[in-house]
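Written below as structure tokens is the structure these notes are about.
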Amino acid sequence: MPTLQFKGKVFVQNHHLAVPFHELQPVKAKGLSKTPSLHDNVIVQGDNLAALKALLPTYHGKVKCIYIDPPYNTGNEGWAYNDNVNSPMLREWLGRTVDREDLTRHDKWCCLMLPRLKLLRELLRDDGAIFVSIDDNEVHRLRCLMDEVFGEENFVTTVIWQKVFSPKNTARHFSEDHDFILVYARNLEKWVPKLVERSEEAISRYKNPDDDSRGVWSSSDLTARNYYSLGTYEVTSPSGKKYKPSVGNYFRVSPDKFAELDEDGRIWWGPDQGSMPRLKRFLSEVKNGVVPQTLWLHTDVGHTQDAKKEIVSVLEFEKSEDVFNTVKPTSLIRRILQVASDKDSIIFDSFAGSGTTAHAVLALNKEDGGNRRFVLVECEDYADTITAERVRRVIRGVPTAKNEDLKKGLGGTFSYFKLGQPMRQESLLDGSNLPDYEALAGYVFFTATGEEWNPKRAKRKQWFIGESRLYDVFLIYEPEVERLKDMALTLDLLKKLPSVSGKNKLVFAPTKYVDQEFLDRYRVTFQQLPFQIYKAVDSVTTKDSTTKGTKNTKAGPTKKSS
Ligand SMILES: C[S@@+](CC[C@H](N)C(=O)[O-])C[C@H]1O[C@@H](n2cnc3c(N)ncnc32)[C@H](O)[C@@H]1O
């Protein structure tokens, strides 16, 4: 397969693997949850590369639908790539703000996107899909990157979203009336889109000119170009006119079936009873929805002005320049959710902007009683003042809103996190930037077991950090380099570790002075810090799947991503 080459590609190709795991620190005051949790609706403030990596232990292989709306790279956005890639030269080049004068802005954009797309793919369920908004500036390069990351065989379609309601007559060449949304499945064999509910406009096409007691109907051509051996007969209309399909066309039903349909009043011969016959389809008999189409009209899914009005009404901006420019309408995201999510799905948006995705998830849950959850990432400071603020308001209620649900509040909770320190092997090894005990405990527990850590269960004096479904987990560690050098699992210590639940023990420590024989005797699995934090995942989940047979063995990062 031909692949896209761009400056810096060799450096970012595997960058997602090199990105260290970061702590995710809850900021309770900014969320709307009594107990902040990564299993709640989540907003993370931070760069999405580090944030996605930090979310992997919790969400690997669990996300049903990803929607992202990255910078379109128009040259006017003033974004700067800030990934800490290894090469200092490349870092310097990448770090400069991207504008129209920058002849390598497309290379930089590809450097931004490639590692993020790779991480996003890790998050998707087998039957999940990703939707990416983009315009002509980068659509062709994005398509190549997506082919590379998701596989061209998993390309679903390119949706055209009619984003404006009237053409721009001041345009120099063409009025750009649409954006693209590229859609890729994690595995096209397993991804099935849902039907889309009929639009008002589609419903209005159903009429009842013959007063049929079965209600409104629409009609379709009874002939087609597909060869059908029984489809060349002649029919006579009630007014006596004779009809045959035109040359190269065939009736789609046999003569017997035609007669049966006519007898049942399902053939429409036109108001004069003498036109080419058509098949009647009653609204009451068609499926609840229609197969999703690739053209999304603003009349069905909203346009950019709708989006701006929506956000202004929620956030009550005083100055028009405060309005978020690239905001999407909730009805657009709602359409994506309708096509690609179930009522209990997890939805990701790692370029969250004003939080439209969260708003759309909450609104749809309210409407259909669903329990979808959102996870949003936004790097800018407005993650709190715009993204989270919008979510706080729509949850609690917007008194001035016209929509009754929104006025009363859509309900729900969310937890707010910020990125903490990176968990680097080097900093654990050389003692620089040592995470505090709680941070490492939470991280180790989560990463090793795929389960949420509950600090209340910990008994620090006994090094016990919590009980997972399979293990009592222990962390022997102090964030002091001198002490850390002497910290080891000794036989004496091993004997003193409390048997909290009677399960096998999983012990993390910088080193051990005890033979395997004793570890076996005391049913201890030893994991050396910092090297084996991730290894534990594999051993734990493998054992787990053999004992219980139900757990998703992909929970927690794979070796590949560690
Ligand atoms: C086009 S806007 C998204 C708009 C959003 N769909 C809405 O309806 O409001 C892109 C957002 O991605 C954010 N962003 C860009 N690079 C990012 C990164 N590396 N990590 C996290 N957020 C990022 C920008 O700050 C911006 O808010």
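Of Ser415, Ser284, Ser219, the order by accessible heavy-atom surface (1.4 Å probe, DNA, RNA and ligands excluded), from most exposed downward, is Ser284, Ser219, Ser415. Looking at the chain, the accessible area is 48 square angstrom per residue; that uses a 1.4 Å probe and ignores ligands, DNA and RNA. Once C-alpha pairs closer than 8 Å and six or more residues apart are averaged by separation and normalised to the residue number of the range 200-289, the relative contact order reads 35 percent. Take the convex hull of the alpha carbons in the chain; its mean projected area over all directions comes to 34.8 nm². Heavy-atom accessible surface of Glu404, to the nearest 10 Å², is about 100 Å², with a 1.4 Å probe and all protein chains retained. Sorting Ser218, Ser246 on solvent-accessible area from highest to lowest, probe radius 1.4 Å, gives Ser246, Ser218. Exceeding 25 Å between C-alpha atoms, which entries from my cross-link table qualify? They are Lys53/Lys459; Lys28/Lys328; Lys53/Lys108; Lys207/Lys287; Lys64/Lys459. Cα-Cα > 25 Å for Lys53/Lys459; Lys28/Lys328; Lys64/Lys459; rest within.
Note: relative contact order over the chain, using C-alpha pairs below 8 Å and six or more positions apart, is 18 percent.
Please work out the FRET efficiency for the pair Glu452 and Ala202, using the Cβ-Cβ distance as r and a Förster radius of 45 Å; give the result to the nearest 0.05. Efficiency at R0 = 45 Å is approximately 0.50. With a ≥ b ≥ c the root eigenvalues of the C-alpha gyration tensor of the range 270-405, is it rounded (a/c under 1.5), prolate (a/b larger than b/c) or oblate? Here the range 270-405 falls in the prolate category.
For the chain, give the percent of accessible area contributed by carbon and sulfur heavy atoms, probe 1.4 Å, rounded to a whole number. Roughly 49 percent, rounded to a whole number. When the Cα atoms of the range 453-506 are aligned to their principal axes, the ranges along those axes come out at 34, 24, 15 Å in descending order. With all protein chains in place and ligands, DNA and RNA left out, the 1.4 Å accessible area ranks Ile181, Ile203 as Ile203, Ile181, largest first.
The values are calculated or read from the model by the stated rules, or taken from the named source; none is laboratory data. What you see is a predicted model, and the numbers here were worked out from it, not measured in a lab. Quick reminder, even Gly has a Cβ in these numbers, built from the backbone with ideal geometry, and neighbours come from all protein chains shown. Quick note on the areas: whole protein, heavy atoms, side chains included, nothing else; ligands and nucleic acids left out. Shrake-Rupley method; radii C 1.70, N 1.55, O 1.52, S 1.80 Å.
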